[in-house]
Amino acid sequence: MIPVLDQWQIFLALAGAGMVLAFAFDCYRVGRYFWRPRSLATMVGDALFWLLFTLLTFILLMLINWGEVRAYTFLALVLGALLYGLFLSRGTRRCLYAGGRILGSALALGRRLLNRTVLVVLLPGRLALNFLAWPRKTLQFIWSRWLRPGGPGGSAGG
């Protein structure tokens, strides 16, 4: 028999797990908004999300109350998710959307800077390599056209 104090601690831990689960779902929803997957990818992502969090909830239950599933287990998980949904979800999603937009802008800026850096660094390098290759290519052309034995200007044919 589990003492009442321990049951309250388990209840509060499971309510916290419900809040974490709801927060993770908000993060997943915001990520899906920015990623905009098609329906098959959405179904696969949803299934993987719930499989992962079912496994994590099972592990949590094994750690905190030796895997015993009682009515208050589900009540605590639902209560935690409900409290998060009522009081924290809207503000959290606003922050996550804003953070996603900032991150997207930063990544776009980084991509533009990288493209310009590559252009500034690689273009002169490519031009230098082409310039250095020019004498070799010119000599090969002259050799193959006029100096090679058996070529048009050579003396092999007579």
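From the set of residues in region 4-24 that are modelled with pLDDT under 95 and of a type in the set (Phe, Trp, Tyr), which is farthest from GLY104 (Cα to Cα)? Here the answer is TRP8.
Being within 25 Å of GLY91 (Cβ to Cβ) and among the aliphatic types (A, V, I, L, M) narrows it down to one residue among LEU56, LEU51; which is it?
LEU56
Name the residue that is least open to solvent (accessible area, probe 1.4 Å), counting only residues in region 107-158 that are modelled with pLDDT of 75 or more and of a type in the set (Ser, Thr, Tyr). Applying the filter and picking the extreme gives SER144.
Screening VAL30 with (1) under 17 Å from GLY85 (Cα atoms); (2) free of Cβ contacts under 8 Å to residues at least 60 places away in the same chain; (3) β-branched (Val, Ile, Thr) gives one miss only, at (2). Among the criteria (1) open to solvent by less than 80 Å² (accessible area, probe 1.4 Å); (2) under 30 Å from GLY104 (Cα atoms); (3) not aromatic (Phe, Trp, Tyr), the one LEU51 does not fulfil is (1).
Going through region 34-79 one residue at a time, which ones are of a type in the set (Phe, Trp, Tyr) and either part of a helix (DSSP H, G or I) or in contact (Cβ under 8 Å) with a residue 40 or more places away in the chain (or both)? Can you show your working first?
Taking region 34-79 as the starting set, the residues that turn out to be of a type in the set (Phe, Trp, Tyr) are 34-35, 49-50, 53, 58, 66, 72, 74.
PHE34, TRP35, PHE49, TRP50, PHE53, PHE58, TYR72, PHE74 - these are the residues of region 34-79 that are of a type in the set (Phe, Trp, Tyr) and either part of a helix (DSSP H, G or I) or in contact (Cβ under 8 Å) with a residue 40 or more places away in the chain (or both).
The set of residues in region 90-116 that are under 30 Å from TRP8 (Cβ atoms) and touching a helix residue (DSSP H, G or I) at 6+ places or on another chain (Cβ under 6 Å) contains only THR92.
The values are calculated or read from the model by the stated rules, or taken from the named source; none is laboratory data. Keep in mind that this is a model prediction, so the values were computed, not measured. So basically every Cβ, Gly included, is an ideal-geometry build from the backbone, and we count neighbours across all protein chains shown. For accessibility, only protein heavy atoms count, side chains too; no ligands or nucleic acids. Shrake-Rupley method; radii C 1.70, N 1.55, O 1.52, S 1.80 Å.
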